[in-house]
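To start, the structure under review is shown below, and the notes come after it.
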Amino acid sequence: APDPNNKSVQSARWMGGDLVQSPCISRWAVKSTNMKKDLVSLAGIDQSLGYSKEGQRLTSAQNLLKWELSIPLPEPLVETIPFLIDWKDSIHPSEGLEDRCEIKSLEIYSGRSDELKKLLQSLEIEQQVQHSLDNKIQLTVSCPNGEVIL
C-alpha cells in the first residue's frame with residue numbers, strides 16, 4: 001500500500017497501488033517452476049509482462065526467503081492476468097503458520113477471458129475464467145468466523 005509520508009515515489013506504483021480507492025483484490029499470483037518459459041507466455045499477452053526481478057529478505061525467524069517475481073504492472077486497478085513467483089529453494093512463507101483458514105473458491109471475471117484461458121493453459125493452471133466487461137477477482141475463504149467473500 002502507498003505510504004503517504006514517502007514523497008520519493010514519482011512513478012505509478014506497481015499492482016495498481018495508486019488506483020485503489022476501496023478494498024479489493026487487485027492481483028493474483030501463480031507459482032512458477034520454469035520462470036524463463038512462463039515469462040515467454042506472459043510476454044505473448046503483453047511484452048511488458050515478460051520481465052522478472054529477484055529478491056530476498058530475512059523472516060522474523062531468521063530464515064532467508066529468496067524469490068523471483070514477474071513484474072506486475074501499475075494498471076489497471078484489477079489485473080486478471082496473474083503475476084508469477086518462484087520461491088527458489090526457500091521455505092514457503094506460509095510454512096509454520098497455523099492452518100485456520102482455507103480457500104474455498106477463486107473466481108476470475110475478465111474482459112480478456114479468451115486470452116487469459118489460453119495463458120492459464122500454457123502455464124498448466126486449472127482455473128475457471130468467466131467473461132465480464134469489468135475485471136474482478138473474488139476469493140471465498142472458510143475461517144473461524146465462517147465463510148468470508150473478499
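The values are calculated or read from the model by the stated rules, or taken from the named source; none is laboratory data. Keep in mind it's a predicted model, so treat the numbers as computed, not measured. Positions of Cβ are generated from backbone atoms using ideal geometry, with glycine treated the same way; all protein chains shown enter the neighbour counts. For the accessible areas, the whole protein counts, side chains as well, though only heavy atoms, and no ligand, DNA or RNA atoms are used. Shrake-Rupley method; radii C 1.70, N 1.55, O 1.52, S 1.80 Å.
Points worth noting:
- Contour excess over end-to-end distance, with Cα ends at residue 77 and residue 90 and 0.36 nm allotted per residue: 1.7 nm
- Unsatisfied cross-links (Cα-Cα over 25 Å) in the set 66/118; 31/117; 37/118; 37/104: 66/118; 37/104
- Here the extension length gained between residue 36 and residue 13 equals 5.8 nm, from 0.36 nm per residue of separation less the Cα-Cα distance.
- Listed values (i) 10, 32, 40, 18, 1; (ii) 13, 38, 28, 16, 5, 1; (iii) 12, 47, 36, 6, entry calculated as P(r) over Cα pairs in 10 Å bins from 0, in percent: (i)
- Mean projection of the Cα convex hull over all viewing directions, computed for region 104-150: 3.5 nm².
- Positive-end extreme of charge dipole, the chain - chosen from 43, 6, 150 (charges on Cβ): 6
- For the chain, carbon and sulfur atoms together expose 50% of the accessible surface, with a 1.4 angstrom probe and every protein chain in place.
- Net charge over other residues, Cβ less than 11 angstrom from the Cβ of residue 46 (K, R count +1; D, E count -1): -1
- Remark: the chain carries 68 Å² of accessible area per residue (probe radius 1.4 Å; ligands, DNA and RNA excluded).
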